[in-house]
Amino acid sequence: MVAQIPLLTEQQIQDRVIELATKLNSDYDGKNLLVVGILKGAFMFFSDMVRRLTVPMAVDFMIVSSYTDTETTGKINVHYDLRESITGKDVLIVEDIVDTGITLNAIRQMLLQRAPASLKICALLDKKERRLVNVPVDYVGFDIPNEFVIGYGIDYNNNYRNLPYITVYKKEG
Ligand code: IMP
């Protein structure tokens with residue numbers, strides 16, 4: 001069941017995207033920026049964000065999933081890896097939600113081994129209450145409570161990604 005009232009409206013999200021992009025344009029001025037989108041969840045945030053960036057940049061994508069049977073080991077399945085080298089580049093990972101932090105921490109550790117000039121993380125949503133692994137999130141769109149959310153690229157069973165806003169998903173009963 002989808003809550004009727006958005007947790008974050010389309011307008012709130014777009015306003016925050018502009019604020020984050022303004023900060024990124026300043027921080028990455030004169031750098032060699034590669035923006036890495038983590039699919040699928042970040043696709044909408046990623047595309048809204050990059051169209052607000054005015055610094056020279058390139059894009060790439062990864063598709064990853066956590067091992068469900070080893071929740072805290074931090075191992076991930078990489079279904080689709082970056083197509084280009086990140087060595088010497090200023091890499092910005094763009095993710096939808098940081099929950100336990102396991103997925104992002106594993107991605108970060110993997111990419112650090114490839115010797116980027118810098119590696120930072122931008123996440124639209126942060127559920128700090130749920131954190132199990134201490135991963136540095138450099139840019140956060142919104143801190144949210146411990147609720148299961150959908151919309152704006154974020155799914156429940158691969159549905160609801162098309163909603164232009166973010167809302168709480170509650171299971172029936
Ligand atoms: P973590 O490894 O626990 O931080 O998991 C992060 C991933 O879990 C996110 O990229 C999402 O794909 C998924 N996730 C976490 N919370 C939610 C939620 O509230 N709605 C939908 N997906 C979620």
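FYI, it's all coordinate maths here, none of it is from the lab. Only a predicted model underlies this, so the values are computations on that prediction, with no experimental measurement involved. Don't worry about glycine lacking a Cβ; one is built from the backbone with ideal geometry, like all the others, and counts go over all protein chains shown.
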Task: ASP60-SER85 pseudo-label distance in nm [points 7 Å out on the Cα-to-Cβ vector] - done: 1.1
Open item on the list: Run lengths n ≥ 4 of DSSP H only: what is the helix-derived mean residue ellipticity at 222 nm for the chain, with -39500 (n - 2.57) per run over all residues, to the nearest 500?
Closed with: -6500 deg cm²/dmol
TODO: Place the peptides 51-59, 92-100 in order of packing, highest mean first, counting for every residue the other Cβ atoms within 10 Å and averaging per peptide.
DONE: 92-100, 51-59
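Determine the sum of side-chain charges near PRO145: Lys and Arg each +1, Asp and Glu each -1, restricted to other residues whose C-beta is under 14 angstrom from that of PRO145. Before the final figure, lay out each step's value.
On the way: positive: LYS127, LYS128, ARG130, ARG131, LYS170; negative: ASP99, ASP126, GLU129, ASP143, GLU147.
Counting the neighbours of PRO145, the net charge comes to 0.
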Task: Gain on full stretching of the segment that runs from ASN25 to VAL78 - 0.36 nm per residue minus C-alpha separation - done: 16.1 nm
TODO: Please give the helix 102-112 orientation as an angle from the longest Cα principal axis of the chain, in degrees from 0 to 90, rounded to the nearest 10.
DONE: 10
- [ ] Kindly write out, for the range 10-27 in residue order, the coupling ³J(HN,Hα) from the Karplus curve 6.51 cos²θ - 1.76 cosθ + 1.60 (θ = phi - 60°), rounded to whole Hz, with x marking Gly and Pro.
- [x] 4, 5, 4, 5, 5, 4, 5, 4, 5, 4, 5, 5, 4, 5, 5, 4, 6, 5
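Work out, in µm²/s and without decimals, the Stokes-Einstein translational diffusion coefficient of the chain at 25 °C, 0.890 mPa s, Rh from Kirkwood over C-alpha pairs.
Numbers: Rh = 16.5 Å.
Approximately 148 µm²/s, per Stokes-Einstein.
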TODO: Between ASP15 and ARG130, with labels modelled 7 Å along Cα→Cβ, what's the label distance in nm to one decimal, could you check?
DONE: 2.5
